[in-house]
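The values are calculated or read from the model by the stated rules, or taken from the named source; none is laboratory data. As the structure is a computational prediction, the values presented were derived from the model and not from experiment. As a convention, Cβ positions derive from the backbone with ideal geometry for all residues, glycine included, and neighbour counts pool all protein chains shown. Side chains included, ligands, DNA and RNA excluded: accessible areas come from the protein's heavy atoms. Shrake-Rupley method; radii C 1.70, N 1.55, O 1.52, S 1.80 Å.
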Amino acid sequence: SYTTDTKSREENKKTLESLYSLSVDITKIRRLKEWVLLQDVAYVKEIAGILQEMGADETTVANIIERCPEAILHTPAEINAQRALWQLVCQNEKQLIKLIEQFPESFFTTEYQKNQKANILFFQELGLKNNIITRFLTSAPNIFYNPVEKNKTVIETLQRNYLNLGGSEANMKIWILKLLSQNPFILLNTSTAIQENLEFLQKNGFTDEEVLQLLSKLKGFIFQLNSTTMQKSMLFSKNIFKCSDQELKQLVLKCPALLYYSVPVLEERLEGLLKEGISIAQIRETPMVLELTTQIVQYRIKKLSASGYDIKSGNLESLNGTKKDFEVTYGKIQSKKERPIFNPVAPLHIED
């Protein structure tokens, strides 16, 4: 609850002096969040002291304050409480200060400390490793702002559905932990939305086993969709590939992106492929190519063409996969091209 009204207010001289003494670049703060400099009360020296206690040198302290100026508006008590909280999952203070330097906004959001603590303990009970929880704290901090009951309800909904879909009790814990570590944002959904999306798949003819397969393939992203967008994407694919419901289902199982991406995204990617001379029949054969952005596809086609590989007459498998997968495929094509054709039984023509 800091005032952001900058009219007719002067910068706090005491704050400025303290920041200068720490070699903080004040022009950066003026450009980013000038309102911080206008507050009547700031705890510059105290916050710098806490960071130094944790092992931060002068450059690190200045860097943290420049990137997250509102850090100096928190009381030392709030920051010490946050420090204790993050220490529940950090190996040591060296790791903690490194995380604060990389993700200062996540650390200096102190309004939800009660929820953060309850959620950290809940995730530990669930069996998530501390390094995964620290990754959540830095890259998905808002899942800790939920009351722990809300996160528990979402997890229970997932567990119940996993068992209802034929998943085994023995594998359930591994499945949940994998799903969460791949996509913690699942927890930002409501249990109702999760239920509705699963029912949508079942109504569209996917068996329980196939729904489970899709959940694992989609890394839980399916829960961030809604039945309307999924319906539109499936209808679009059905029209483009001119296939039956059963054939469409097989295509979706092969390439869940057909379910996950919106119609405009699919349209743009299809257009990009067609412009490169690739046919609809080829795309239907290898729909996974739609998981790649148009830029990636263009780059890979260009690289393959330079090696004499004609994508228009070949199969699209060589375009697929991660960057690493593609480099392996490209390497094989290259070595095949460079290998001399040698026939061991052909006579050697040796000139006199």
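For the range 269-328, a residue qualifies if it is in a helix (DSSP H, G or I), closer than 23 Å to Ser244 by Cα and over 28 Å from the mean Cα position of the chain (by Cα), and the qualifying residues are Leu274, Ile280, Ala281, Gln282, Glu285.
Among the residues making up the range 22-52, those that are open to solvent by 60 Å² or more (accessible area, probe 1.4 Å) and without any contact (Cβ under 8 Å) to a residue 12 or more places away in the chain are Thr27, Arg30, Arg31, Gln52. Of everything listed in (1) at pLDDT below 90; (2) within 28 Å of Thr138 (Cα to Cα); (3) open to solvent by less than 30 Å² (accessible area, probe 1.4 Å), the single unmet condition for Thr157 is (1).
Residues that are more than 21 Å from Ile97 (Cα to Cα) and within 30 Å of the chain's Cα centre (by Cα): find the helices (runs of 4 or more DSSP H) completely inside the range 8-84 holding 1 or more of those.
Working: elements: 13-21, 26-33, 44-53, 58-67.
Per the criteria, 26-33.
If you go through the range 86-104 and pick out every residue that is open to solvent by 10 Å² or more (accessible area, probe 1.4 Å) and part of a helix (DSSP H, G or I), you end up with 8.
Might you check whether a residue that is out of contact with any Asp or Glu (no Cβ under 8 Å at 6 or more places or on another chain), within 20 Å of Gly166 (Cα to Cα) and of a type in the set (Val, Ile, Thr) occurs anywhere in the range 227-235? Let's see the steps before the verdict.
Quick first cut of the range 227-235, residues out of contact with any Asp or Glu (no Cβ under 8 Å at 6 or more places or on another chain) only: 228-235.
Narrowing further to those that are within 20 Å of Gly166 (Cα to Cα): none.
No, that holds for no residue.
Considering (1) charged (D, E, K, R); (2) farther than 30 Å from Arg83 by Cβ; (3) exposed (fewer than 14 other Cβ atoms within 10 Å of the Cβ), the lone condition that Glu149 does not fulfil carries the number (2).
Going by the conditions given, is Val61 closer than 21 Å to Glu93 by Cα, crowded, with 19+ Cβ neighbours inside 10 Å and in contact with a Ser or Thr (Cβ under 6 Å, 6 or more places away or on another chain)?
When the stated conditions are applied, Val61 does not pass them.
Given the criteria aromatic (Phe, Trp, Tyr) and within 30 Å of Val44 (Cβ to Cβ), does Trp175 qualify? Considered against the rule, which asks whether it is aromatic (Phe, Trp, Tyr) and within 30 Å of Val44 (Cβ to Cβ), Trp175 comes out as no.
With respect to (1) open to solvent by less than 10 Å² (accessible area, probe 1.4 Å); (2) under 20 Å from the mean Cα position of the chain (by Cα), the lone exception for Asn131 is condition (1).
Going by the structure shown, is Thr207 β-branched (Val, Ile, Thr), under 30 Å from Val148 (Cα atoms) and open to solvent by 50 Å² or more (accessible area, probe 1.4 Å)?
Numbers: β-branched (Val, Ile, Thr): yes; under 30 Å from Val148 (Cα atoms): no; open to solvent by 50 Å² or more (accessible area, probe 1.4 Å): yes.
Against the criterion (β-branched (Val, Ile, Thr), under 30 Å from Val148 (Cα atoms) and open to solvent by 50 Å² or more (accessible area, probe 1.4 Å)), Thr207 does not qualify.
For the range 105-118, what are the residues that are among the charged types (D, E, K, R) and in a helix (DSSP H, G or I)?
Step one: filter the range 105-118 for residues among the charged types (D, E, K, R), giving 105, 111, 114, 117.
Of everything in the range 105-118, those that are among the charged types (D, E, K, R) and in a helix (DSSP H, G or I) turn out to be Glu105, Lys114, Lys117.
Any chance you could count how many residues in the range 219-268 are among the aromatic types (Phe, Trp, Tyr), farther than 16 Å from Gln195 by Cα, in a helix (DSSP H, G or I) and open to solvent by 30 Å² or more (accessible area, probe 1.4 Å)?
Residues of the range 219-268 that are among the aromatic types (Phe, Trp, Tyr), as a first pass: 221, 223, 236, 241, 260-261.
Applying the additional criterion that residues be farther than 16 Å from Gln195 by Cα yields 236, 241, 260-261.
Now drop any that are not in a helix (DSSP H, G or I), which leaves 236, 241, 260.
Narrowing the set further to residues that are open to solvent by 30 Å² or more (accessible area, probe 1.4 Å) leaves 236, 260.
Final tally of qualifying residues: 2.
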